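Notes to accompany the following structure.
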Amino acid sequence: MTEPVRCPWTKNDALMQHYHDREWGVPVYDSRALWEKLMLDGFQAGLSWRTILNRRDGFRKAFCGFDPQKVAVFNEDDIERLVTNPEIIRSRQKIKAVINNARAYLRMQAAGEDFSQWIWAWVGGKPIQHVGPVPTRSELSEEISEQLKKRGFSFVGPVIVYAWMEATGIINSHHPDCFRRHILAADTSTTQ
């Protein structure tokens, strides 16, 4: 049996192929899951996604399953505990951003803005089917980044936001020959 054609970034890496084949680019509509993925993309900045995947369970444990209610009340003692935790990326700046972003997420919720509805409204509720060379950022990721920052989020620059939008299926940027592109494109909407 021949291997299916995948996006080139999966190479011959079983972990990356598994992630690619089962998660990457699958539309996520759950607000908490979207927030978790945005936080993990923030941790990935400057690193490989493989590093994050290898530590994802550690991140989930350290950040209480990425429950914004629990993370929002983290304090200086929690930050000190996390910067010494070998199961995560021990960046004080990124750890503080997650705590800050839990509070921003909850403020959106309190104001009646559901995180999932808010992000999916940017694309009319359906994934963008990207065609052509894949950028690291776009006008859309710049606008969303700016709006997130206005809502108090940090560590959500346009490159992080673009990667997050790809990972959560807001943008389908699988390679044109990739078998996953065609499966995920069954619910096509816009082309960008």
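The values are calculated or read from the model by the stated rules, or taken from the named source; none is laboratory data. Just so it is clear, the model here is predicted, and its values are computed rather than measured. Using ideal geometry, Cβ is built from the backbone for each residue, glycine included, and neighbour counts are taken over all protein chains shown. Remember, those area values only see protein heavy atoms, side chains included, never the ligands or the DNA or RNA. Shrake-Rupley method; radii C 1.70, N 1.55, O 1.52, S 1.80 Å.
Add +1 for every Lys or Arg and -1 for every Asp or Glu among the other residues with Cβ under 9 Å from the Cβ of Glu87, and state the total. Let's see the in-between values first.
Numbers: positive: Arg55, Lys61; negative: Asp57.
Taking every Cβ under 9 Å from that of Glu87, the sum is +1.
Whose amide H sits under 5 Å from the amide H of Gln129, counting only residues 5 or more places off or on another chain, with H placed in the peptide plane?
HN-HN under 5 Å from Gln129: Asn172, Ser189, Thr190, Thr191, Gln192.
Distance in nm between label sites at Thr136 and Leu47, each 7 Å beyond Cα in the beta-carbon direction?
Reported label-point gap for Thr136 and Leu47 is 1.8 nm.
Where the accessible area of the chain is counted over protein heavy atoms with a 1.4 Å probe, how much of it, in %, is carbon and sulfur? Spell out each step's value before the answer.
Numbers: 4990 of 9590 Å².
Answer for the chain: carbon and sulfur cover 52 percent of the accessible area.
What pairs in Lys94/Lys149; Lys11/Lys126; Lys37/Lys61; Lys70/Lys126 have C-alpha atoms more than 21 Å from each other?
Values: Lys94/Lys149 15 Å; Lys11/Lys126 29 Å; Lys37/Lys61 15 Å; Lys70/Lys126 31 Å.
Over 21 Å apart, Cα to Cα: Lys11/Lys126; Lys70/Lys126.
Counting only residues 5 or more places away or on other chains, whose amide H sits under 5 Å from the amide H of Val26 once H atoms are built in the peptide plane?
Correct list: Gly169.
Running a GNM on the chain with Cα contacts under 10 Å, which residue among Glu142, Glu76, Glu23 ends up with the highest mean-square fluctuation?
Result: Glu76 has the largest fluctuation of those listed.
Round to the nearest 0.05 the FRET efficiency obtained for Gln109 and Tyr29 when R0 = 22 Å and r is the Cβ-Cβ distance.
Numbers: r = 16 Å, r/R0 = 0.71.
It comes to 0.90.
Over the Cα atoms, compute the radius of gyration (one decimal) and Dmax (the largest Cα-Cα distance, rounded to a whole number) for the chain, in Å.
16.7, 54
Once every DSSP H run of n ≥ 4 in the chain is given -39500 (n - 2.57) and the sum is divided by its residues, what mean residue ellipticity at 222 nm do you get, rounded to the nearest 500 deg cm²/dmol? Before the final figure, lay out the partial values.
Details: 10 runs with 102 residues, N = 192.
Roughly -15500 deg cm²/dmol at 222 nm, from the helical runs in the chain.
So what J values fall out for segment 129-137 if you push phi through Karplus, 6.51 cos²θ - 1.76 cosθ + 1.60 with θ = phi - 60°, rounded to Hz, Gly and Pro as x?
Karplus-based 3J(HN,Hα) across segment 129-137 equals 9, 6, 10, x, x, 8, x, 8, 7 Hz.
Across the Cα atoms of segment 94-189, what radius of gyration and what greatest pairwise Cα-Cα distance (Dmax) are found, in Å?
Radius of gyration, then largest Cα-Cα span, for segment 94-189: 14.4, 43 Å.
Taking the Cα centre of each part, how many Å lie between segment 54-127 and segment 135-176?
16 Å
Between Trp9 and Trp118, what length in nm is gained on full extension when 0.36 nm per residue of separation is reduced by their alpha carbon distance? Provide the component values of the computation, followed by the final result.
Working: separation 109, 0.36 × 109 = 39.24 nm, distance 2.96 nm.
Gain on extension, Trp9 to Trp118, equals 36.3 nm.
In Å², what does the accessible area per residue of segment 61-112 work out to with a 1.4 Å probe? Walk me through the intermediate numbers first.
Numbers: 2740 Å² over 52 residues.
Dividing the accessible area of segment 61-112 by its residue count gives 53 Å².
Along Cα→Cβ, 7 Å out, is where each label goes; now give me the distance between the ones at Phe179 and Ile79 in nm to one decimal.
Once both label points are built, they end up 4.7 nm from each other.
Output the relative contact order of the chain, whole-number percent, from Cα pairs under 8 angstrom with separation of 6+ residues. Let's see the in-between values first.
Values: 234 pairs, mean separation 61.9, N = 192.
Relative contact order here is 32 percent.
Just to confirm a number: summing +1 for Lys and Arg and -1 for Asp and Glu over residues other than Gln17 whose beta-carbon lies under 14 angstrom from that of Gln17, what do you get? Don't jump to the answer; show the numbers that get you there.
On the way: positive: Arg6, Lys11, Arg22, Arg50, Arg180; negative: Glu3, Asp13, Asp21, Glu23.
Taking every Cβ under 14 Å from that of Gln17, the sum is +1.
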